[in-house]
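These notes concern the structure reproduced below.
The values are calculated or read from the model by the stated rules, or taken from the named source; none is laboratory data. Owing to the predicted nature of the structure, the values given are computational and were not obtained by experimental measurement. Backbone-built Cβ (ideal geometry, glycine too); neighbour counts: all protein chains shown.
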Amino acid sequence: VGWMPRTHAPLALLVALTLALTGCGGVGKGLGKAGPSPAPTAAFASEEEALAAATSVYSRYVEIGDEIGHDGGRDAERFSAVVVGEFLDQSVEGLSSWGEKGWRQVGSTTFRDVELQQYSTGPTSAVIVYLCEDLTDVDVVDATGSSIVSADRPDTYYFQVIFDVDDEHVLRISGRERWDDRKC
């Protein structure tokens with residue numbers, strides 16, 4: 001889903017080495033017990049690769065959010081392709097109520113100035129970025145076509161976005177919060 005291609009050569013090498021060490025059939029005569037399990041590999045080869053993956057996932061998140069908004073909040077569960085946990089529950093709940101209210105989105109969201117704040121590896125890998133989300137071309141209208149957006153709504157927002165990395169190195173957004181009150 002919106003992923004930039006990346007090689008799985010390190011994983012293939014790890015599997016090949018594991019098979020070679022175990023002889024594909026368990027422990028052989030005189031080899032004794034197998035050594036400790038290999039340490040988990042990093043999800044990304046570099047911070048640049050982590051940033052590119054996060055940018056791609058956020059792009060898909062914005063695209064899905066716009067589709068759901070244009071559909072009046074219908075099938076908000078589509079977010080599950082790129083969002084997990086409480087943030088998924090909040091996102092689905094927030095947009096699902098639009099249908100009852102007769103709201104729908106007009107226009108599309110953009111974002112820019114994506115900056116890597118943190119990339120951590122290990123048992124709980126995560127990527128955190130800062131970005132500027134731009135709602136200049138977005139309006140939300142009611143069933144009569146009248147805007148429900150406050151006239152003093154800022155068009156841009158800085159966000160800190162947290163991505164969880166699962167065991168298969170797939171990023172999903174697990175949180176998003178306002179980072180700065182300044183316009184970007």
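Key figures for this structure:
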item	result
Pair list, Cβ < 7 Å and 6+ apart or interchain, from the stretch 80-108 residues that are closer than 18 Å to Val149 by Cα to residues that are among the aromatic types (Phe, Trp, Tyr) and in a helix (DSSP H, G or I)	Arg104/Trp98
The stretch 170-184, subset more than 24 Å from Gly73 (Cβ to Cβ) and surrounded by fewer than 18 Cβ atoms within 10 Å (Cβ to Cβ), residue modelled with the lowest pLDDT	Arg182
Subset tally (residues that are exposed (fewer than 12 other Cβ atoms within 10 Å of the Cβ) and either of a type in the set (Ser, Thr, Tyr) or under 20 Å from Ser56 (Cα atoms) (or both)) for the stretch 148-169	4
